[in-house]
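**Student:** One structure is given below, represented as structure tokens, and several questions about it will come after.
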Amino acid sequence: MRKIEIKTTFLAYDTDQELPESERRLLLEAKKRLNIAYAPYSKFQVSAAVLLANDEIVASTNYENASYPISVCAEHSALIAAANRFPGVPPLAVAITVKAHDKEVGQPALPCGSCRQVIMETQMKNGHPIKIILQGETGEVYVFEKGEEILPLAFNGSFL
Ligand code: THU
């Protein structure tokens, strides 16, 4: 028997003011679009902005449905939009921010498992790590250097 330990690492900045300029700009792009998010059921708006290797930014927001499971997450939608708008151009980073209707979210919301899996697939498809930048409306910012840091032991095509 072997005991296997997995370690993960991320950076925590006290505020977005401490972020490198390009990361701060990407987060701002996500924040600008928060109000577009269609979230009448959860009233939890999520916005994601993807920075691509050609310097373009593609952003999207969550889009809910009265049939709840059909709802689409912001980062899932943004990564697919980016792949369609700029085929073959690797995403370098995704900034994700959130807003709730009844309270100020003062800490980063971590992406759901499905979205982590989509990030991993996108990395593998393009052969490039994706940095993940997270902030609530205010407060600390978390930066994961690559998908593996937020989803260790991911399922992938090699198992098929
Ligand atoms: N949501 C996202 O957009 N991304 C995530 O990673 C987690 C959850 C959305 C889905 C739903 O519209 C709302 O947030 C509440 O779960």
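**Student:** For the range 73-82, what does the Karplus curve 6.51 cos²θ - 1.76 cosθ + 1.60, with θ = phi - 60°, yield as ³J(HN,Hα) per residue in whole Hz, taken in order and with x for Gly and Pro?
**Tutor:** Ordered by residue, 3J(HN,Hα) equals 6, 4, 6, 4, 4, 5, 5, 5, 4, 5 Hz.
**Student:** Right, next: Loop by DSSP (not H, G, I, E, B), at most 16 other beta-carbon atoms within 10 Å: where is the longest site-free stretch of the chain for chymotrypsin sites (Phe, Trp or Tyr not before Pro)? Write out the running numbers ahead of the final one.
**Tutor:** On the way: sites that count: Phe10, Tyr41, Phe155.
In the chain, the maximal stretch lacking such sites is 42-154.
**Student:** Taking only C-alpha pairs under 8 Å that are 6+ residues apart, what is the relative contact order of the chain in percent? Walk me through the numbers before you get to the answer.
**Tutor:** Working: 331 pairs, mean separation 39.0, N = 160.
Relative contact order here is 24 percent.
**Student:** Let me ask something additional. Whole-Hz ³J(HN,Hα) for each residue in the range 90-105, computed from phi via Karplus 6.51 cos²θ - 1.76 cosθ + 1.60 with θ = phi - 60°, x for glycine and proline: what do you get?
**Tutor:** For the range 90-105, the Karplus-derived couplings read x, x, 9, 7, 10, 9, 10, 9, 9, 8, 9, 6, 10, 7, 8, 7 Hz, x marking Gly and Pro.
**Student:** Among the listed pairs Lys43/Lys131; Lys7/Lys125; Lys3/Lys103, which are separated by more than 32 Å between their Cα atoms?
**Tutor:** On the way: Lys43/Lys131 27 Å; Lys7/Lys125 24 Å; Lys3/Lys103 42 Å.
Pairs exceeding 32 Å: Lys3/Lys103.
**Student:** Next question, about the same structure. Quick one: 3J(HN,Hα) in Hz for the range 131-143, Karplus 6.51/-1.76/1.60 with θ = phi - 60°, rounded, Gly and Pro as x.
**Tutor:** Taking θ as phi minus 60°, the curve returns 7, 10, 10, 10, 8, x, 6, 9, x, 4, 10, 9, 10 Hz for the range 131-143.
**Student:** Still on this structure: Select from the range 59-160 those trypsin sites (Lys or Arg not before Pro) which occupy a DSSP coil region and have at most 13 other Cβ atoms within 10 Å, ordered by residue number.
**Tutor:** Values: sites: Arg85, Lys99, Lys103, Arg116, Lys125, Lys131, Lys146; in loops: Lys103, Lys146.
Those satisfying the criteria are Lys103.
**Student:** If amide H atoms are built 1.01 Å from N in the plane of the peptide, which residues on other chains or at least 5 residues away come under 5 Å of the amide H of Ser71?
**Tutor:** Asn65
**Student:** Turning to a different aspect of this structure: Non-local amide H neighbours of Ala53 (under 5 Å, H modeled in plane, Pro and chain starts lacking H): which ones?
**Tutor:** Sorted by chain and number, the residues that satisfy this are Leu92.
**Student:** For the range 15-87, which GluC sites (Glu not before Pro) are both in a DSSP coil and crowded by at most 15 other Cβ atoms within 10 Å?
**Tutor:** On the way: sites: Glu18, Glu21, Glu23, Glu29, Glu56, Glu64, Glu75; in loops: Glu56, Glu64.
Loop-located and lightly packed - Glu56.
**Student:** Suppose the Debye formula is applied to equal point scatterers at every Cα of the chain; what is log10 I(q)/I(0) at q = 0.15, 0.17 Å⁻¹?
**Tutor:** These q points yield log10 I(q)/I(0) values of -0.78, -0.99.
Values in this text are rule-based calculations from the coordinates and carry no lab data. Bear in mind the structure is a predicted one, so any value in this text is a computation, not a measurement. Don't worry about glycine lacking a Cβ; one is built from the backbone with ideal geometry, like all the others, and counts go over all protein chains shown.
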